[in-house]
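Single-structure report; data block below.
The values are calculated or read from the model by the stated rules, or taken from the named source; none is laboratory data. Just so you know, these numbers come straight off a predicted model, no measurement behind them. Backbone-built Cβ (ideal geometry, glycine too); neighbour counts: all protein chains shown.
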Amino acid sequence: MPEASSTPRSSAYLSALSLEIEKKLQRALASASQRRNLLQELFADIALEVDDKAKDIILSREEDLILPADDGVYDQLCYFDILADYYVCSPESGKPILDLIVQLWSQSFASHIFSLLFHKWLFEAEVENPEVLLRYSSALVEGATNVFWIDIQTNTRRFQTLFCYLLEEVVLEPTRLNRIAVQAQRDLYLLLSRFMFFYNSADKLKSFLKHCPAFPNAFLVGGPADVFVIELADQLQKLKVEPVLIHYLSQLKYLQGMELRMATITRLKACLYSFTSPGGPMYPTRAVRHAAWDALDLLFPVGRYPRHLISLFFRLLYPWYWPSSCWHFLVSCIKALLYALVGFVYSSWERMKRPKMA
């Protein structure tokens with residue numbers, strides 16, 4: 001992510017933003033009846049994408065500065081991205097805001113705001129009081145959990161920069177991770193386990209498992225892979241947005257080859273089985289059922305055909321599903337025949353176009 005330039009113009013703009021945030025927090029603290037609405041408005045404001053005019057000021061484009069590449073994140077730059085860097089460079093500007101947030105800990109959206117504005121400051125500043133550090137760490141995990149769920153419910157990735165920072169710059173960097181309490185390290189690890197597939201970070205899964213903190217009940221739960229899969233299975237059960245659930249199921253291919261305990265395998269299988277049958281309690285759509293079957297067949301190829309045969313047998317016990325099943329089967333057959341016919345015609349045409357050898 002490009003960092004804000006340290007020019008007087010950009011500094012003045014960010015200072016003005018901080019002052020507005022401080023004023024809104026003071027109003028929220030003074031008005032109990034409007035407190036929730038004011039905090040919600042403030043959260044929405046700092047989560048907004050930075051417009052072009054503000055980018056020109058903050059990043060000082062008029063001075064022909066070369067901005068670092070950031071693989072597309074720059075196009076989705078939000079105010080909290082800029083402010084999080086600003087409070088690391090100018091901690092004195094963030095101190096009044098942090099003091100006000102502490103006074104509003106128990107209010108809705110307070111942890112959201114803290115996690116967005118101070119997630120970098122927490123791992124860069126010197127917080128000597130262990131109790132205060134634990135409180136900040138707990139608020140970070142709570143707030144990050146809430147904002148990640150907002151992304152899931154809307155099927156967007158507005159807060160992906162927050163996730164990437166916590167994964168790449170904290171969990172995968174022991175020097176930063178060790179700054180917070182062990183319990184906070186565990187909570188952060190579990191949090192990232194639940195959202196890693198959603199934010200398309202499965203390519204870092206091996207490194208992530210190597211940095212798993214020690215859990216007191218590891219004898220019962222298992223190793224890092226077991227902890228990850230257990231959290232992932234629990235997350236799948238909570239998902240209600242169809243595109244997100246299908247995306248998660250498609251990402252399960254990265255679990256191939258993992259050595260898991262039998263209890264963990266059973267738990268994962270039970271989770272996937274719950275998505276393969278229509279009706280309650282999950283009521284999965286056809287697309288979800290097929291994605292779940294694909295994941296089962298990929299991860300557990302042994303017993304694939306008996307599973308489908310047993311599933312077909314139980315489907316026959318519910319006659320009200322027969323018409324839709326027959327219709328979709330007929331449509332699938334017709335599509336397969338059409339694709340085969342088009343492929344045959346295309347290959348024949350290509351052969352006819354080739355010049356004949358003398």
Inset, instruction - Evaluate the following for ARG157: is it surrounded by fewer than 18 Cβ atoms within 10 Å (Cβ to Cβ), in contact (Cβ under 8 Å) with a residue 40 or more places away in the chain and within 16 Å of ILE46 (Cα to Cα)? - result: yes
Inset, instruction - Report those helices (runs of 4 or more DSSP H) wholly inside the range 198-238 carrying at least 3 residues which are charged (D, E, K, R). - result: 224-238
Inset, instruction - Find all pairs meeting these conditions: Cβ atoms under 9 angstrom apart; at least six residues apart or on different chains; first residue within the range 22-47 and closer than 24 Å to GLU92 by Cβ and assigned by TED's automatic domain parsing to the domain that holds PRO96; second residue crowded, with 16+ Cβ neighbours inside 10 Å and of a type in the set (S, T, N, Q). - result: ALA28/GLN107; LEU39/GLN107
Inset, instruction - Find all pairs meeting these conditions: Cβ atoms under 6 angstrom apart; at least six residues apart or on different chains; first residue within the range 294-307 and farther than 16 Å from MET262 by Cα; second residue hydrophobic (A, V, I, L, M, F, W, C) and surrounded by 11 or more Cβ atoms within 10 Å (Cβ to Cβ). - result: ALA295/LEU249; ALA295/LEU252; ALA295/LEU272
Legend entry - Restricting the range 242-282 to residues that are among the small types (Gly, Ala, Ser) and at negative phi, the residue that is modelled with the lowest pLDDT: GLY280
Inset, instruction - Could you please find all residues in the range 150-165 being of a type in the set (Val, Ile, Thr) and either assigned by TED's automatic domain parsing to the domain that holds PHE114 or more than 11 Å from LEU116 (Cα to Cα) (or both)? - result: ILE150, ILE152, THR154, THR156
Inset, instruction - Please work out which one of (1) over 19 Å from ILE152 (Cβ atoms); (2) polar (S, T, N, Q); (3) buried (at least 16 other Cβ atoms within 10 Å of the Cβ) is the condition SER201 fails and give its number. - result: (1)
Inset, instruction - Please enumerate the residues belonging to the range 99-108 that are within 14 Å of GLY143 (Cα to Cα) and of a type in the set (A, V, I, L, M, F, W, C). - result: ILE101, VAL102, LEU104, TRP105
Inset, instruction - Could you please find all residues in the range 272-283 being buried (at least 19 other Cβ atoms within 10 Å of the Cβ) and in a helix (DSSP H, G or I)? - result: LEU272
Legend entry - Counted residues, the range 6-28 - those being modelled with pLDDT under 95 and in contact with a Lys or Arg (Cβ under 9 Å, 6 or more places away or on another chain): 0
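Any residue at all in the range 65-78 that's at pLDDT 95 or above, in a loop (DSSP other than H, G, I, E, B), out of contact with any Asp or Glu (no Cβ under 9 Å at 6 or more places or on another chain) and not aromatic (Phe, Trp, Tyr)?
Within the range 65-78, not a single residue is at pLDDT 95 or above, in a loop (DSSP other than H, G, I, E, B), out of contact with any Asp or Glu (no Cβ under 9 Å at 6 or more places or on another chain) and not aromatic (Phe, Trp, Tyr).
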Legend entry - Output for the range 205-218, where each listed residue is within 14 Å of THR264 (Cβ to Cβ) and exposed (fewer than 12 other Cβ atoms within 10 Å of the Cβ): ASN217
Inset, instruction - Might you let me know whether the range 202-212 holds any residue that is aromatic (Phe, Trp, Tyr) and more than 20 Å from SER250 (Cα to Cα)? - result: no
Legend entry - Within the range 253-267, tally of residues that are in contact (Cβ under 8 Å) with a residue 40 or more places away in the chain, in contact with an Asp or Glu (Cβ under 9 Å, 6 or more places away or on another chain) and either crowded, with 18+ Cβ neighbours inside 10 Å or among the β-branched types (Val, Ile, Thr) (or both): 1
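Answer yes if at least one residue in the range 116-127 is closer than 30 Å to LYS240 by Cβ and in contact (Cβ under 8 Å) with a residue 60 or more places away in the chain, and no otherwise.
yes
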